1. Being in contact with a Ser or Thr (Cβ under 9 Å, 6 or more places away or on another chain) and within 16 Å of residue 114 (Cα to Cα) is the requirement here; does residue 177 meet it?
2. Here are the criteria: (1) under 24 Å from residue 178 (Cβ atoms); (2) touching a strand residue (DSSP E or B) at 6+ places or on another chain (Cβ under 8 Å); (3) surrounded by fewer than 18 Cβ atoms within 10 Å (Cβ to Cβ). Tell me which single one residue 119 does not satisfy.
3. Quick one: would you say residue 196 is in contact with a Leu (Cβ under 8 Å, 6 or more places away or on another chain), in a helix (DSSP H, G or I) and within 27 Å of residue 54 (Cα to Cα)?
4. Here are the criteria: (1) modelled with pLDDT of 75 or more; (2) not in a helix (DSSP H, G or I). Tell me which single one residue 70 does not satisfy.
5. Quick one: in segment 94-110, which of the residues that are hydroxyl-bearing (Ser, Thr, Tyr) and at pLDDT below 85 is surrounded by the most Cβ atoms within 10 Å (Cβ to Cβ)?
6. Check every one of the helices (runs of 4 or more DSSP H) wholly within segment 80-135 and list those with 1 or more residues that are acidic (Asp, Glu).
7. Answer yes if at least one residue in segment 13-26 is surrounded by fewer than 10 Cβ atoms within 10 Å (Cβ to Cβ) and in a loop (DSSP other than H, G, I, E, B), and no otherwise.
8. Does segment 168-197 hold any residues that are surrounded by 14 or more Cβ atoms within 10 Å (Cβ to Cβ) and either among the hydroxyl-bearing types (Ser, Thr, Tyr) or touching a strand residue (DSSP E or B) at 6+ places or on another chain (Cβ under 8 Å) (or both), and which are they?
Amino acid sequence: MPDNIFKKIKDINPDIVHLHWIAGGFIKIETLAKINKPIVWTLHDMWAFTGGCHYDEECGRYINSCGYCPILNEPKFKAIYYKELYNTKNIHTYGYKNIQSKSFKNIVSKCAFIIFPSCSEGEASSVINVMVYGLIPIVSKMASIRIKDFGIEIKKITHESIKESVTKAVNLSEDEIEKRSMKCADDTINNHSIEKFSYELKKALIDILGKKNEL
């Protein structure tokens with residue numbers, strides 16, 4: 001397995017090492033113990049402590065011993081839901097869209113809500129990226145999105161619960177939808193901007209290094 005990062009860290013000699021996603025051969029786990037610097041590891045998924053899967057889908061087998069992995073045996077999503085995705089009048093499947101493109105913004109401008117009933121997620125960026133345009137989140141608790149007083153929570157990952165949340169959304173008045181949409185956009189811009197992230201990250205790193213006067 002490639003393990004070239006350690007040498008670069010030694011050459012740079014930083015005050016602190018900030019890890020993000022290191023799977024796929026970036027660095028060996030045993031090499032982390034050789035890094036003689038404070039380490040901050042931002043976990044974007046569960047891989048660091050499952051040892052394999054990025055999300056265990058509430059399987060929990062990694063706690064004791066893995067076996068019969070439900071993720072590896074999951075049928076392809078597209079094959080299962082082909083009829084719903086491509087042969088249903090009120091569902092429009094566009095495929096990949098660049099979020100900076102005019103076509104993406106045109107699609108978003110026609111929508112009021114983003115539905116995301118995830119079983120396991122680390123604050124889904126796909127949801128955050130459209131909340132900035134005012135799309136009101138209809139999400140499960142496991143999606144890890146702070147919906148505050150503008151979003152709608154899906155209580156359980158069941159058809160009935162999702163239907164209940166969607167029904168609640170479509171029954172909102174136009175004024176209420178507009179008010180929630182504006183709150184959603186403002187909150188997302190204020191709390192999920194690059195500037196906000198940079199400030200909070202710098203604050204955390206300085207605190208770890210004990211250099212609070214440098215903030």
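The values are calculated or read from the model by the stated rules, or taken from the named source; none is laboratory data. Just so we're clear, the structure is a prediction, and the values are computed from it rather than from any experiment. Here the Cβ positions follow ideal geometry from the backbone for every residue, glycine too, while neighbour counts run over all protein chains shown.
1. When the stated conditions are applied, residue 177 does not pass them.
2. Evaluating residue 119 over (1) under 24 Å from residue 178 (Cβ atoms); (2) touching a strand residue (DSSP E or B) at 6+ places or on another chain (Cβ under 8 Å); (3) surrounded by fewer than 18 Cβ atoms within 10 Å (Cβ to Cβ) leaves (1) as the failure.
3. no
4. Going through (1) modelled with pLDDT of 75 or more; (2) not in a helix (DSSP H, G or I) one by one, residue 70 breaks only (1).
5. For segment 94-110, the residue satisfying everything is 94.
6. Counting at least 1 such residues, we get 82-86.
7. Yes: one or more hits.
8. 169, 177, 180, 181, 184, 188
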